[in-house]
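Derivation of every value follows stated rules applied to the coordinates shown; laboratory data play no part. All values derive from a computational prediction rather than experimental measurement. Counting neighbours? That spans all protein chains shown, and the Cβs are built from the backbone with ideal geometry, glycine included.
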Amino acid sequence: LILFVDEADAFLRKRTETQMSEDMRSCLNAFLYRTGESSKNMMLVMASNRPDHLDWAINDRLDEMVEFPLPGLDEREQLLQLYYKIYVADLVEKRRYRG
């Protein structure tokens, strides 16, 4: 089982923050309690734009951290071209073919 948590810093943030609600604190504590041991049957993958906002106990439970830098200008242009091809040009072509 692979569990993917996107924007993990939204609910796994540092407990020292004064703005954390009691519900968020309970959620974090429950998460920490359930993830305290290694498992060969489960892998937890988390994504965050703000890893420095994660609670220290979360960082202690991570086996590895991988940073993906923001794409450069060339990569952004390639992504835009790919997006345009898939979601605009190909759809227009399919509609012409059907029409």
* Radius of gyration and maximum dimension Dmax of region 1-76, Cα, Å -> 14.1, 45
* Can you tell which of Asn29, Leu1, Met65 lies farthest toward the positive end of the dipole of the chain, using +1 and -1 charges on the Cβ of basic and acidic side chains (Lys, Arg; Asp, Glu)? -> Leu1
* Between Leu54 and residues 5 or more places away or on another chain, which pairs have amide H atoms under 5 Å apart, with H built 1.01 Å from N, and which residues are they? -> none
* **Protection proxy ranking, peptides 76-86, 59-69, 45-55, 20-30, average beta carbon neighbours within 10 Å, highest first** => 45-55, 20-30, 76-86, 59-69
* Label-point separation in nm, His53 to Cys27, each point 7 Å along Cα→Cβ -> 1.2 nm
* Helix 73-84 sits at what angle to the longest principal axis of the chain, using alpha carbons and giving 0 to 90 degrees rounded to 10? -> 60 degrees
* Asked: If you stretched the chain out fully between Tyr97 and Lys85, how much longer would it get, using 0.36 nm times the residue separation minus the C-alpha to C-alpha distance?
  -> 2.7 nm
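Let's see if you can work this out: charge +1 on each Lys and Arg Cβ, -1 on each Asp and Glu Cβ, no other charges. What is the dipole magnitude of the chain about its Cα centre, in debye to the nearest 20? Before the final figure, lay out each step's value.
Numbers: 14 positive and 18 negative charges, 122 e Å.
Here the size comes out at about 580 debye.
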